[in-house]
Amino acid sequence: MKLQTYIVILFISMTSIMCNSSKKEEHDTTKKSSKIEKETCASPATATDSLKLVNHQIEIKGEVETTLHLTIDSLRKMKVATITNFKVVCQSGEVKKDDKICKGVLLKDILQKAKIKQNGHKDRNFYIVARASDNYKATFSWAEIFNNPTGENTYVLFEENGKPVKNGEMILICKNDIKTGPRHVYWLKSIEVYKVK
Ligand SMILES: Nc1nc2c(c(=O)[nH]1)N[C@H]1C(S)=C(S)[C@@H](COP(=O)(O)O)O[C@H]1N2
Ligand SMILES: [Mo]
């Protein structure tokens with residue numbers, strides 16, 4: 001009887017210690033992530049800096065059969081989609097932009113035009129990096145683009161609310177991300193296809 005009581009007391013005190021330590025960890029991570037958000041969400045550049053980062057074309061390169069250089073005009077000649085009510089939400093939850101209407105071309109169509117170098121149908125372990133001239137990047141996988149609804153929601157934009165886009169000439173977006181800020185790449189410079197080694 002005595003031993004049983006001892007075990008029960010020991011068990012209760014152990015769980016309470018474990019609960020406290022996990023609470024402490026939770027608290028620490030929130031602190032850490034809000035610090036990172038503050039750093040990464042700082043206003044990017046002045047208007048002059050922004051001008052220096054503008055690209056008049058984007059390069060589609062890497063594991064593709066044809067390297068492409070696409071301008072706004074070449075995008076206009078492709079299948080142009082109209083995207084409505086697109087919000088850019090930062091990781092912090094802050095709404096950074098609210099576009100009523102924009103125009104763009106599916107990343108999927110652009111990659112199909114460049115043609116990924118695939119060796120048979122089992123060769124699908126590729127990743128796609130959308131890179132900006134300030135070296136900001138977003139990454140996609142082959143499966144997300146070609147075998148998932150994300151493929152129907154990832155665009156290269158060239159027009160927002162009837163006007164040219166602001167930071168750079170083209171922006172890459174992923175409309176179905178939970179927070180759309182992270183994979184919203186302005187000053188878009190290249191789309192790079194890599195094979196997983
Ligand atoms: N090229 C580039 N794209 C970027 C960023 C950046 O620093 N450089 N910041 C990202 C972040 S953190 C967010 S929330 C959105 C909106 O950023 P903004 O508030 O600077 O417009 O764009 C994203 N795209
Ligand atoms: Mo952000």
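The values are calculated or read from the model by the stated rules, or taken from the named source; none is laboratory data. Note that the coordinates shown come from a computational prediction; the quantities given were computed from them, not determined experimentally. Using ideal geometry, Cβ is built from the backbone for each residue, glycine included, and neighbour counts are taken over all protein chains shown. With ligands, DNA and RNA removed, areas are computed over all heavy atoms of the protein, side chains included. Shrake-Rupley method; radii C 1.70, N 1.55, O 1.52, S 1.80 Å.
Filter the range 71-94 down to the residues that are touching a Gly at 6+ places or on another chain (Cβ under 9 Å) and within 15 Å of ligand 2 (Cβ to nearest atom) and list them by number. Spell out how you get there, then give the answer.
So the first thing to find is which residues in the range 71-94 are touching a Gly at 6+ places or on another chain (Cβ under 9 Å), and the list is 75, 80-83, 88-92, 94.
Within the range 71-94, V88, V89, C90, Q91, S92, E94 qualify.
Residues in the range 50-96 that are free of Cβ contacts under 8 Å to residues at least 12 places away in the same chain and within 12 Å of ligand 1 (Cβ to nearest atom): V95 alone.
Looking only at residues in the range 185-197 that are buried (at least 16 other Cβ atoms within 10 Å of the Cβ) and in a strand (DSSP E or B), the one that is nearest to ligand 1 (Cβ to nearest atom) is V185.
When K122, K117, K113, K100 are checked against the criterion of being of a type in the set (K, R) and within 19 Å of K175 (Cβ to Cβ), a single residue qualifies: K100. Of the residues screened, A130 is one that is crowded, with 19+ Cβ neighbours inside 10 Å, touching a residue at least 60 places away in the same chain (Cβ under 8 Å), assigned by TED's automatic domain parsing to the domain that holds T48 and within 16 Å of ligand 2 (Cβ to nearest atom). Just to be sure, is D49 at pLDDT below 95, in the same structural domain as G162 (by TED's automatic domain parsing) and either farther than 17 Å from T180 by Cα or among the aliphatic types (A, V, I, L, M) (or both)? So D49 passes the test. In the set (1) within 16 Å of ligand 2 (Cβ to nearest atom); (2) within 21 Å of S190 (Cα to Cα); (3) of a type outside the set (D, E); (4) open to solvent by less than 20 Å² (accessible area, probe 1.4 Å), the condition left unmet by K137 is number (4).
Here the range 97-132 is the region considered, the condition is being among the small types (G, A, S) and over 14 Å from L70 (Cβ atoms), and the residue that is farthest from ligand 1 (Cβ to nearest atom) is G120. For the range 50-109, a tally of residues being assigned to a strand (DSSP E or B) and open to solvent by less than 60 Å² (accessible area, probe 1.4 Å) returns 18.
As an exercise: evaluate D177 against (1) within 13 Å of ligand 1 (Cβ to nearest atom); (2) under 18 Å from L53 (Cβ atoms); (3) open to solvent by less than 60 Å² (accessible area, probe 1.4 Å) and give the number of the one condition it does not meet. Every listed condition holds for D177 apart from (2).
Of the residues in the range 172-184, none is in a strand (DSSP E or B), among the aliphatic types (A, V, I, L, M), within 16 Å of ligand 2 (Cβ to nearest atom) and free of Cβ contacts under 8 Å to residues at least 60 places away in the same chain.
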